[in-house]
Amino acid sequence: MAHSVSALPSSAANEQPSPAAGEGRERHAGPKVDHFTLENGMKVVVIPDHRAPVVTHMVWYRNGSADDPRGKSGIAHFLEHLMFKGTHNHKQGEFSHVVAELGGQENAFTSYDYTAYFQRVAREHLRIVMDFEADRMTGLTLTDEIVAPERDVVLEERRMRSETDPAAQLDEAMNAALYTHHSYGVPVIGWGHEIETLDRQDALDYYRRFYTPENAILVVAGDVEASEVERLARETYGKIPARGEPPVRKRPREPEPRAQRLLKLADAKVEQPSFERIYLVPSARTAAKGEAEALDVLAHHLGGGQTSLLYRRLVLEQKKAVMAGAYYFADALDESRFFLYAMPAEGISLEDLESAIDAVLADVARDGVNAEDVARASTRLIADAVYAQDNQASLARWFGAALANGETVDDVLSWSDRIEAVTVDDVAKAMKWLDRRRSVTGYLLKEEAEA
């Protein structure tokens, strides 16, 4: 049976979420969310949205680039490409052709912690995409003649996105410097020299390890009812035999950082110098209770748009930057990142800009924040979450990413309540994570400036 719980939380909701997943109750706003687990261990989330006769169908696997075996970086992303190459039952390109013929859209993406495949089609075609997606969970066929050309495609993608883009090169170097031991320091797409070695057997080994029903999450959002999705899920995905326990994700723990790091990259292709800093901080999964929410509020207060502290100080008042902001990645299985970024105004060096940013941070560390600042940041965060309900694909991604990282449906539903509970003291304490010894700073420069 499907377990029914409330929809995404909103500031209008006064009730607290139920303590256990599956214990249904009503909230004041938003769509109902149902969830259940098939006998083979596959989790299913259903988000009814009857405003248009379409559905978004997503399958998430609890594996990403951080699960790539050492020396085989890029295999998760490479396999994502190969999943479109056909199965025992369907020839290469048939799935994509059918989706296009139905007037739908499809795609896939790989992140550090998960890989997801999705289609958006008219509601009456849901069964068709479920049949195809269930088939390629177990029926993938690969030959060397398929694998080798697709490996070249991935290498070209890396060259286009990373190796010819100075900003991307700096980002890769900064991540590698921040994560000295953990796999988050390796690009999702992989290192070029390791991608070159990936072969058919590497792909099949990875596929057989992670592409199992007990390691997968189905999310369906749109013009459907939970009972209908449950029936279709059991008739398609439910027929896939379980293989036992989900694969264990073995991740090395990043050691505590001890030294601040500064990286500079100069290139003739750089048109606008920029500043970036990343801090190693807890994620929603690794943080103490309330800590991730406090970091979320802190990031929004510091750099969440044109009313934020950094923008107001650096862009509007001091005229030292043309843009400035901050954001926090709570969505990670292991230790995550807190970002600061800015672009200098004409005549302002990156060193001067960095000093101005550090002065703002020092003021916050010394004086703290007031209740009005916290309330404003919390309200904006929650408003963004409420607006996200207007997009069924955003809803599906929100739940899929959370569950792929080990969170529950109720964790998602109670998020706005936890944000509202953040206090001035919580935000002040969160500043401890913005310690320069936990950071990597990057300067992106025009080549002549460096010279």
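The values are calculated or read from the model by the stated rules, or taken from the named source; none is laboratory data. From a predicted model like this one, the values you see are computed outputs, not experimental measurements. When we count neighbours, we look across all protein chains shown, and the Cβ atoms used for this are built from the backbone with ideal geometry, even at glycine. Ligands, DNA and RNA are stripped out before the accessible areas are found, and what is left, the full protein with its side chains, is counted by its heavy atoms. Shrake-Rupley method; radii C 1.70, N 1.55, O 1.52, S 1.80 Å.
The HN-Hα couplings worked out from phi for the stretch 50-55 by the Karplus form 6.51 cos²θ - 1.76 cosθ + 1.60 (θ = phi - 60°) are 9, 6, 8, x, 10, 9 Hz, whole numbers, x standing for Gly and Pro.
Overall, the accessible surface of the chain at a probe of 1.4 angstrom is composed of carbon and sulfur to the extent of 51 percent. Would you mind classifying the chain by shape? Square roots of the alpha carbon gyration tensor eigenvalues, ordered a ≥ b ≥ c; an a/c under 1.5 is rounded, otherwise it is prolate if a/b is larger than b/c and oblate if not. Since a/c reaches 1.5 but b/c is at least a/b, the shape of the chain is classed as oblate. Mind checking the angle between helix 371-388 and the chain's longest principal axis? C-alpha axes, 0 to 90 degrees, to the nearest 10. For helix 371-388, the angle is close to 30 degrees.
Each part reduced to its alpha carbon centroid, the stretch 114-192 and the stretch 280-295 end up 28 Å apart. For the stretch 247-262 and the stretch 340-367, what is the separation of their Cα centres, given in Å? Each part reduced to its Cα centre gives a spacing of 27 Å. Looking at the chain alone, DSSP beta bridges between its own residues are antiparallel in about 80 percent of cases.
For the chain, the longest principal axis of the C-alpha atoms and the axis of helix 166-178 are separated by about 90°. Sites listed here are trypsin sites (Lys or Arg not before Pro) in the stretch 136-186 whose DSSP assignment is loop and whose Cβ has at most 11 other Cβ atoms within 10 Å, and the list is empty.
Averaged per residue, the stretch 34-149 has 38 square angstrom of accessible surface, using a 1.4 angstrom probe with ligands and nucleic acids left out. Along the axis of the charge dipole computed for the chain (Cβ charges of +1 for Lys and Arg, -1 for Asp and Glu, origin at the Cα centre), the listed residues Val33, Leu350, Gln260 are led at the positive end by Gln260.
Solvent exposure of the stretch 226-324, expressed per residue, is 52 Å² of accessible area, with all protein chains present and a 1.4 angstrom probe. Here's the list of aspartates and glutamates a cross-link from Lys432 could span, going by alpha-carbon distance under 16 Å and ignoring same-chain residues fewer than 8 apart: Glu256, Glu291, Glu293, Asp296, Glu335, Asp358, Asp363, Asp367. Report the local net charge at Arg313: Lys and Arg +1, Asp and Glu -1, summed over other residues whose C-beta lies under 14 Å from its C-beta. Charge balance near Arg313 sits at -4. Compared with the dominant principal axis of the Cα atoms in the chain, helix 226-235 is inclined by about 60°. List the pairs from Lys269/Lys320; Lys43/Lys250; Lys32/Lys85; Lys91/Lys250 whose alpha-carbon separation is above 30 Å, in the order I gave them. Flagged as over cut-off: Lys32/Lys85; Lys91/Lys250. Each Lys and Arg adds +1 at its Cβ and each Asp and Glu adds -1 at its Cβ; summed about the Cα centre, the chain shows a dipole of about 620 debye. Peptide packing: for 184-197, 205-218, the average count of neighbouring Cβ atoms within 10 Å per residue gives the ranking 205-218, 184-197, highest mean first. If you roll a 1.4 Å probe over the heavy atoms of the protein chains, what accessible area per residue do you get for the stretch 389-444, in Å²? For the stretch 389-444, the solvent-accessible area averages 35 Å² per residue. Ordering Pro241, Gly305, Trp60 by the projection of their Cα atoms onto the charge dipole of the chain, which places +1 on the Cβ of Lys and Arg and -1 on the Cβ of Asp and Glu, puts Pro241 at the extreme positive end. A DSSP coil position with no more than 10 other Cβ atoms inside 10 Å describes the following GluC sites (Glu not before Pro) in the stretch 263-294: Glu271.
Of the GluC sites (Glu not before Pro) in the stretch 28-112, the ones in a loop by DSSP (not H, G, I, E or B) with at most 14 other beta carbons within 10 Å are Glu39. Computed about the Cα centre, the dipole magnitude for the stretch 172-282 is approximately 500 debye when only Lys and Arg (+1) and Asp and Glu (-1) carry charge, each at its Cβ. Using Cβ point charges alone (K and R +1, D and E -1), the dipole size of the stretch 329-451 about the Cα centre works out to roughly 240 debye.
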